[in-house]
Each structure stands twice: as C-alpha cells, then as structure tokens.
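Undergrad: The structure that follows is given in the form of structure tokens.
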Amino acid sequence: MKEACGVVGIVAPGRDVAHLCYDALYALQHRGQESAGMATFQNQQITVVKDNGLVSHVFAETTLRALAGAFVIGHTRYSTSGSANWTAAQPVYRSAGSSGFAIAHNGNLTNTAELADKAGIQVTSMLSDSDLVAELLARYVEDGHSLSEALENVLSIAEGAFSMVILEADAVHAVRDPFGFRPLCLGRLGSVESPEGWVVASESPALDVVGAHFVREIAPGEMVTITTEGVTSVQLLEPASDKQKLCIFEFVYFARPDTYLMGHQVHTTRRRMGELLAGQSHVAADIVMGVPDGGVPAAEGYAKASGIPFGYGLVKNRYIGRTFIAPDQNKRAASVRRKFNPLRENIEGQRLIVVDDSIVRGTTTRALVKMLRDAGAAEVHLRISSPPFMWPCYFGIDTPSRDDLLAANNSIAEMNDFVGSDTLEFITLENLRAAIQLDGECCDACLTGKYPAPTPVALGASGGRW
Ligand code: SF4
C-alpha cells in the first residue's frame, strides 16, 4: 500500500474522452510509471482497461477507440516491490449498485488496519488501501445508499492522504482529503458561457494538454461532482485545520515545473530555492550545474544569485524513469549509470557547484559525485534545495524507513564523507518556506518529524514502514 500517483476525471459529452484522458495521463506520467488505467461509462456499463507499464504501453489506438462514452477516469501509478503487480493497477472497480463504480486514488491511507478490522475485512498484501476503500464503499451501496452517501461515510473515517476520482453512472466525483496533502485541480473545456466539459487532474499541465482552462484547486475536504449538467460542490469533509497541508515535496521534486500549485508556478519556486541557497554561504567555483531535471531550476537560481556561471555537466537519458521510484535498491543503483552521463569537456579541471533537489538514501548522490570526479572535476560542492530528509512519509510518497534515510542517521559532515563531495549544504527550512512563499500551508513532516495527521506506526527510532 505505497503509492503516489496521478489521477484524471473527465466529463465531456460529444468529445472523445478516452483520447483526452490518455493525453492527460501522459502529462502525469512523472507521477507514476508502473501501471496505467482508465474506466469509462457508457450504455449503463463501466469498462476498465488497466495494465502494468507506461501510459503509451497500456493503451493502443484500438483500445482507446473502444472506450467510448462521455465519462472517464484515469490513473498512473507507482509502487514499491511486492505490490508492482497487475492487481494493484487502478482504477479499482466494484459492481455494487445499478452499474457499479470505479475509483482512482493518489495518496496513502494511514488507518487501513483499523478500517479493515471494523468492516471484518482481512488485510492481505494483495489488498491496497484503494481496494479497501472500494470494498467499504460497495458495502454501503449494496445497503441502499447512494455512492455520494457512501463516500461521505467511508472517507469521514479514513485517515491519511487521498486525492480521489470516482466514476459511477452519469457522474464523476473528485474528492480531496481534509489536509489537502496531494494536489487536485479543476478545469473547464470550452468557454465560461458555453462549457463543453469538465476535467479534474492531479496537476494543471494535464488540463493544459487537453485544452482545458484552469478553474481552481479542489479545496481540502471538498467533493466536486461532474455530470453532463455541469459541476456541483459540497464540503464533504470538515477541513482538518485552518491551513491546508499540501506536500512541500510537490514543490521541491514531485510536481512538474510548469504546474501551478496554490497560485505558484513550481519552476519559479525552485529557482527561488536556488537563489536563497546561494545566499546561505559562499564557495569559490567555476560552474553551477543542476542534476537534471529536478536540480536545474534551483541551479539557475543559484547561478543568478552567486554570479557564478550556469553550465551543464550531466546529460540525462530521458527514457528512463526516476531513480527515486525504481522498485529496488539494485535496480536503483544501476539506473543511475543508465540515466546520467557526464559532459567531460565542461567538467574537466572545473570546480563545480552541483545542485540537486534531495538526498534520500544517498546512494544516487554518491554515484553521481563519483561520476563527476571520474570525468575530471577538480572539486564538487553539493548544494541541496531541500533540507535533510529525516523522517518517512506516510502520506502517499514511497520513502525508505528511517534506518535507510541518510540524514536520519548521519551528521552533515558524515553525509559529505559518504557521498564523496568536497562540501555539502542543504537549504534551511526557513529559506525553503520563503522560496515557496506559503506560510504554514504545507506538510513538511519528513523534514521536521511534525506529522500533521496520525501516522500508522509509533514513531520510534526506526520510524517503521507503513
Ligand atoms: S511527509 Fe514529506 S513527502 Fe510526505 S506529504 Fe509530508 S512533506 Fe510530503
């Protein structure tokens, strides 16, 4: 039950919603590369197509043509080993009610054992938290409740992170947890005067790619319901606090640079992170380079603020997934070499400032530093645009247990030794918050240990896994 995914929901009568959903999922491919799926509704029937693999592998033109109707939801998924199997692909379908329903979930519930226990459902490794929600919803629907009532009943006792889209006969619902951990936004196809359809998606570029206009973010605890008549909204769940807790790592790493979150373009916030990081200390160097892609905007900002020229030192193979989301350690280490190659003539004899977005286990960073030194770098000064990653995430991001988090078990000097850099510095939490220009509206628990919502394990020395 470890996911951080992308979700899409579209209602657009007369449009080819399967192709629109395909394009939107393609724009969200960075949020999950292990499986993709879609569910459409037509002729009183829900059809689900899903499989392991990238969006382009799962859907052929013939498949998309067969997915007709005006209603669709879609999902891209990542996971860790043990759950990277077909049964964990989404949307999850249940046949309860007149035509059944399907759900697609970005997030991670933290009280699954309690929810399953209450309902008398046996927890197995094959049962994801999304399966569990579907099962609980199905029971309410079979008892004669509407799906909206079932959602209110089930989600009001669910804890953790969920940005969820749900398809039923003639409607798509989109709901966000009371903290707003994961992003979710609403867009409109067509003009204000004559809308041609509505789209919900994890990130705004998924709206752009289908030609939808960004309308607004879904509020924490809000549920919007889209039908062919338009959009309605209810505050399904009481917001958890006066300030939402959007994941700060959406700004640092997860979201696309062209995504807008809480009114801020992510790329701009990343550049500001680099500017503020440069102001923290001075080091003499010849080039500032970013580790592609996540470190590049912050490197631009660093170069601008420090006056040291920006340059390129690494070429990235764009056809390899993020190392952070590779399913196991061996594959992760090997994928660093497949993913990056140094630009020797830019590096040889140069004192480098290398900006990256985060250090998690440290193995990727260590391999990168070695690669740069082997290519002739005279000095490697690492600058990280997030503070030390000290605590596991329980809200939809797959992170190692505390035992495997480099910063949880080492001082900065020890981390510097481990990764092999000449100097190592992290942005301060104050500067990260200043770069994002939000005041308390983000979760930063993996940096501070201050979890805004209950966690599924006692936070002892190990931090546990969820
Ligand atoms: S714990 Fe960290 S990664 Fe998880 S939601 Fe909070 S800020 Fe994001």
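A short reminder: the numbers here are calculations on the coordinates, not readings from a lab. As the structure is a computational prediction, the values presented were derived from the model and not from experiment. Quick reminder, even Gly has a Cβ in these numbers, built from the backbone with ideal geometry, and neighbours come from all protein chains shown.
Undergrad: In debye, nearest 20, what is the charge dipole magnitude of segment 5-244 about its Cα centre with +1 on Lys and Arg Cβ and -1 on Asp and Glu Cβ, if you could check?
TA: 420 debye
Undergrad: Quick check on the chain: helices-only [θ] at 222 nm, where DSSP H runs of length 4 and up contribute -39,500 (n - 2.57) each and the sum goes over total residues. Nearest 500, please.
TA: Using -39500 (n - 2.57) per qualifying helix, the result is -7500 deg cm²/dmol.
Undergrad: For segment 446-453, take each phi angle, set θ = phi - 60°, evaluate the Karplus expression 6.51 cos²θ - 1.76 cosθ + 1.60, and give the result in whole Hz per residue in order, putting x for glycine and proline.
TA: Result, rounded to whole Hz: 6, 9, 10, x, 9, 7, x, 10.
Undergrad: In addition: Note down the magnitude of the dipole of segment 232-303 about its Cα centre, charges +1 on Lys and Arg C-beta and -1 on Asp and Glu C-beta and zero elsewhere, to the nearest 20 debye.
TA: About 80 debye.
Undergrad: Stick to the Cα atoms of the chain, pair each with every other, and give me the Kirkwood hydrodynamic radius in Å at one decimal.
TA: Computed over Cα pairs of the chain, the Kirkwood hydrodynamic radius comes out at 22.7 Å.
Undergrad: Which of the peptides 27-37, 112-122, 262-272 is most tightly packed, and how do the rest follow, going by the mean number of other Cβ atoms within 10 Å of each residue?
TA: Ranked by mean Cβ neighbours within 10 Å, highest first: 27-37, 262-272, 112-122.
Undergrad: Which residue, LEU438, CYS185, ALA408, has the largest displacement toward the positive end of the dipole of the chain when charges sit on each Cβ (Lys, Arg +1; Asp, Glu -1)?
TA: ALA408
Undergrad: Can you give me the long-range amide H partners of THR259? Hydrogens built in the peptide plane at 1.01 Å from N, cutoff under 5 Å, separation of 5 or more residues or another chain.
TA: Counting only residues 5 or more places away or on other chains, the set is VAL266, HIS267.
Undergrad: Here is a further query. Could you pull out every residue, at least 5 positions away or on a different chain, whose amide H is within less than 5 Å of the one on PHE426? Hs are placed 1.01 Å off N in the peptide plane, and Pro or chain starts have none.
TA: The list, which skips near neighbours in sequence, is ILE384.
Undergrad: Could you tell me how many degrees, from 0 to 90 and to the nearest 10, lie between the Cα long axis of helix 329-339 and the main elongation axis, the longest principal axis, of the Cα atoms of the chain?
TA: Once rounded, one gets 70 degrees.
Undergrad: Please report the base-10 log of the normalised intensity I(q)/I(0) for segment 108-248, using a Debye sum with one equal scatterer per alpha carbon and no solvent, at each q in 0.19 (1/Å).
TA: At q = 0.19 Å⁻¹ the computed log10 ratios are -1.15.
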